[in-house]
Amino acid sequence: MATKIKGIAASEGYAIGRAVILREEVVPEGISYIEAGEEAAELTRFDSAVASARGELEALLDRMKADGREKESEIFEAHLMLLEDEELIGAAQERIRSQRYKAEAAMNEAGEEVADMLAALDDEYLRERAADVRDVSRRVIRKLGNRSESDGLQASSAAANEKSILFAFDLTPSDTAQLDPSVIGGFVTAAGGRTSHSAIIARSVGIPAIVGAGEGALHIENGQLIIVDGAAGLVLVDPKDEELARYQALQQQAAGKRALLDQYRGQPSVSADGHQVELVANIGSVQDARQAQELGAEGVGLFRTEFLYMGRPDLPTEEEQFKAYKEAAEAFGPGSPIVIRTMDIGGDKELPSLQLEKEDNPFLGYRAIRICLDRPDLFKTQLRAVLRASAHGNLKIMFPMIATLGEWRQATALLEQAKQELRSENIAFNEQIEAGIMIEIPAAAQMADRFAREVDFFSIGTNDLVQYTMAADRMNPKLGYLSDPLHPPVLRLIDRVIRAAHKENKWVGMCGEMAGTPVALPILLGMGLDEFSMSASAVLPARALLSRLHRSKLASLSEAVLDLDDAEAVRSYVEKHVPELKD
């Protein structure tokens with residue numbers, strides 16, 4: 001039998017190939033110093049390296065966005081922000097200025113200090129961010145040595161044959177983003193977790209990956225035959241013929257399933273008994289819109305406009321925003337719905353240009369619509385851009401984090417001001433543009449009947465609705481059992497919102513992760529959800545499942561799950577009563 005190594009399943013799929021070992025990049029050891037009087041020149045050298053690293057990151061970010069790789073673009077936006085971080089870059093500069101460190105040593109020590117602090121935290125998500133700090137730090141160190149980011153990776157994988165398996169102690173996000181799926185069939189790391197950015201990128205690119213495999217991953221030799229089972233988190237080293245044949249068959253089955261989904265591209269989203277809904281995509285950029293259209297989405301249910309604001313020292317202009325919203329609409333063509341969510345900064349999304357104060361509880365703090373109502377100049381710039389773009393497509397405006405009717409009315413009053421300004425300037429826009437709110441705060445869900453009399457639509461943001469309803473930080477892995485949208489109290493709020501909207505003849509969408517979850521789709525269809533917004537890659541699988549379901553049979557199921565005890569009971573009930581989930 002083959003030698004087996006168990007790790008954490010980070011990215012599903014099966015890969016077969018020869019091992020290629022990625023050696024760790026050498027970083028400076030110890031501290032080296034400059035002579036007195038050389039501080040200014042060394043600071044100039046350091047600042048030049050940081051600027052070069054920024055240019056390299058911006059080029060990488062542009063490439064990610066051009067390829068429609070949303071997750072990677074978010075990660076490298078964060079890396080750009082680290083290059084502005086006072087605790088990282090500022091700390092390195094201070095070591096050069098006051099302690100006469102050589103730039104490489106200053107960057108390495110500052111980076112390790114911040115990374116070690118993060119690695120010591122209890123929160124798994126924050127611990128994984130230590131790898132991002134080290135990635136940025138080593139990028140600057142490479143630039144100090146006039147080396148490109150790909151030198152180390154390409155030198156280690158130069159011998160890679162087609163569909164080789166990469167082994168490393170760990171992979172930085174930069175390393176992972178460079179992997180070519182036509183060459184690297186999969187990768188295995190000794191360290192890392194499922195929430196690491198390298199794992200997120202692997203899932204986005206579609207490379208099977210196993211992380212956290214421990215010491216066993218460090219004893220593989222170049223050229224050994226490897227099987228990566230990304231579903232089971234299993235590495236098989238030197239597999240026997242029968243194991244090889246079994247995994248080759250599994251690869252073919254997976255490819256066959258992908259081919260079957262292609263028949264649903266360009267088709268309407270209709271249940272087996274003829275009930276039609278909209279399957280649309282969550283996006284963060286124009287590139288995402290183009291990819292979503294190619295992957296079969298019927299429009300956009302959530303344009304996360306905050307990504308236009310992040311990773312830059314200033315605020316985007318009205319013209320920049322107008323261009324982005326217009327191009328997103330044009331990616332789908334006339335008639336396709338494009339729901340633009342106004343700026344949702346705050347919580348886990350910081351914006352240097354606003355210089356927001358640090359908060360003990362940022363998810364419950366000064367964020368989203370609360371900032372916009374407090375900064376009407378900033379808000380109206382965005383509203384004008386959306387309105388102008390509405391002349392070029394079926395755009396809709398959605399306000400996030402609405403808790404009270406007063407907030408909704410303030411927001412719509414500012415929207416009316418923006419409309420009046422455009423009218424006085426003879427600038428065209430859609431006078432009938434729809435405006436709605438995200439339902440992500442339980443207070444708004446409880447008042448859905450009152451909101452439904454005034455709004456044009458609801459979109460349920462389950463990611464935040466779950467954490468606020470269950471009082472569980474969705475970033476905390478220890479609370480995973482609470483961060484589940486199938487808990488009956490969450491389902492009851494969703495059902496209440498849909499009923500309230502339909503009573504007033506208003507439509508309801510959902511833009512949280514729940515909308516693209518197969519086990520949730522029968523429940524939501526039975527409740528009468530009108531629009532499902534999800535990651536673009538989930539659209540065709542959702543359409544295929546929808547085509548096998550009978551909505552008329554699911555109303556009773558949706559009522560039944562509201563009276564169950566917990567999420568696991570709901571999941572078991574649905575899996576038992578919806579055989580189509582197993583097809």
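Overview of values
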| item | result |
| --- | --- |
| Exclusive hit being closer than 27 Å to Ala538 by Cβ and out of contact with any Pro (no Cβ under 9 Å at 6 or more places or on another chain), set Phe457, Phe429 | Phe457 |
| Single residue of region 510-528 satisfying the filter (touching a His at 6+ places or on another chain (Cβ under 9 Å) and part of a helix (DSSP H, G or I)) that is surrounded by the fewest Cβ atoms within 10 Å (Cβ to Cβ) | Leu525 |
| Of the criteria (1) β-branched (Val, Ile, Thr); (2) modelled with pLDDT of 95 or more; (3) within 16 Å of the chain's Cα centre (by Cα), which one Val277 fails | (3) |
| Out of Asp67, Asp122, Asp132, Asp85, sole residue that is modelled with pLDDT of 80 or more, surrounded by fewer than 18 Cβ atoms within 10 Å (Cβ to Cβ) and not hydroxyl-bearing (Ser, Thr, Tyr) | Asp85 |
| Test result for Val27, outside any helix (DSSP H, G or I), at pLDDT below 90 and either out of contact with any strand residue (DSSP E or B) (no Cβ under 8 Å at 6 or more places or on another chain) or not small (Gly, Ala, Ser) (or both) | yes |
| Matching residues in region 471-513 - criterion: being modelled with pLDDT of 95 or more, basic (Lys, Arg) and farther than 28 Å from Ala536 by Cβ | Arg492, Arg496, Arg499, Lys503 |
| Members of region 33-60 found to be within 40 Å of the chain's Cα centre (by Cα) and either outside any helix (DSSP H, G or I) or more than 29 Å from Ile75 (Cβ to Cβ) (or both), listed by number | Glu42, Thr44 |
| Ala368 vs. criteria touching a residue at least 12 places away in the same chain (Cβ under 8 Å) and touching a Pro at 6+ places or on another chain (Cβ under 7 Å) | yes |
| Residue ID - farthest from the chain's Cα centre (by Cα), chosen from residues in region 411-443 that are over 19 Å from Glu531 (Cα atoms) and among the small types (Gly, Ala, Ser) | Ser424 |
| Selection status of Glu221, more than 30 Å from Leu554 (Cα to Cα), free of Cβ contacts under 8 Å to residues at least 24 places away in the same chain and either not in a strand (DSSP E or B) or not assigned by TED's automatic domain parsing to the domain that holds Arg203 (or both) | no |
| Any hit, region 230-244, residues being in a strand (DSSP E or B), touching a Leu at 6+ places or on another chain (Cβ under 8 Å) and within 27 Å of Val211 (Cα to Cα) | yes |
| Criterion (surrounded by fewer than 19 Cβ atoms within 10 Å (Cβ to Cβ) and not in a loop (DSSP other than H, G, I, E, B)) met by exactly one of Ala281, Ala259 | Ala259 |
| Check on Ala289, free of Cβ contacts under 8 Å to residues at least 24 places away in the same chain, among the aliphatic types (A, V, I, L, M) and farther than 15 Å from Pro541 by Cα | no |
| Only listed residue being over 21 Å from Gln263 (Cβ atoms), buried (at least 16 other Cβ atoms within 10 Å of the Cβ) and of a type in the set (A, V, I, L, M), chosen from Leu545, Leu554, Leu581, Leu549 | Leu554 |
| Val211 being among the β-branched types (Val, Ile, Thr) and closer than 30 Å to Asp530 by Cβ | no |
| Complete set of residues in region 1-24 that are at pLDDT 85 or above, at negative phi and in a loop (DSSP other than H, G, I, E, B) | Gly7 |
| Residue satisfying all of: in region 557-578; small (Gly, Ala, Ser) and crowded, with 16+ Cβ neighbours inside 10 Å; farthest from Val270 (Cα to Cα) among these | Ala567 |
| Check on Ile523, touching a strand residue (DSSP E or B) at 6+ places or on another chain (Cβ under 8 Å) and of a type outside the set (D, E, K, R) | no |
| Which listed residue, of Ile371, Ile345, Ile338, is modelled with pLDDT of 95 or more and not charged (D, E, K, R) | Ile338 |
| Spans of strands (runs of 3 or more DSSP E) in region 337-454 with at least 2 residues in the same structural domain as Tyr309 (by TED's automatic domain parsing), under 28 Å from Ala472 (Cα atoms) and in contact with a helix residue (DSSP H, G or I) (Cβ under 7 Å, 6 or more places away or on another chain) | 337-341, 434-439 |
| Region 468-509 - residue that is among the hydrophobic types (A, V, I, L, M, F, W, C) and touching a residue at least 60 places away in the same chain (Cβ under 8 Å) and, of those, surrounded by the fewest Cβ atoms within 10 Å (Cβ to Cβ) | Met475 |
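The values are calculated or read from the model by the stated rules, or taken from the named source; none is laboratory data. Keep in mind it's a predicted model, so treat the numbers as computed, not measured. Counting neighbours? That spans all protein chains shown, and the Cβs are built from the backbone with ideal geometry, glycine included.
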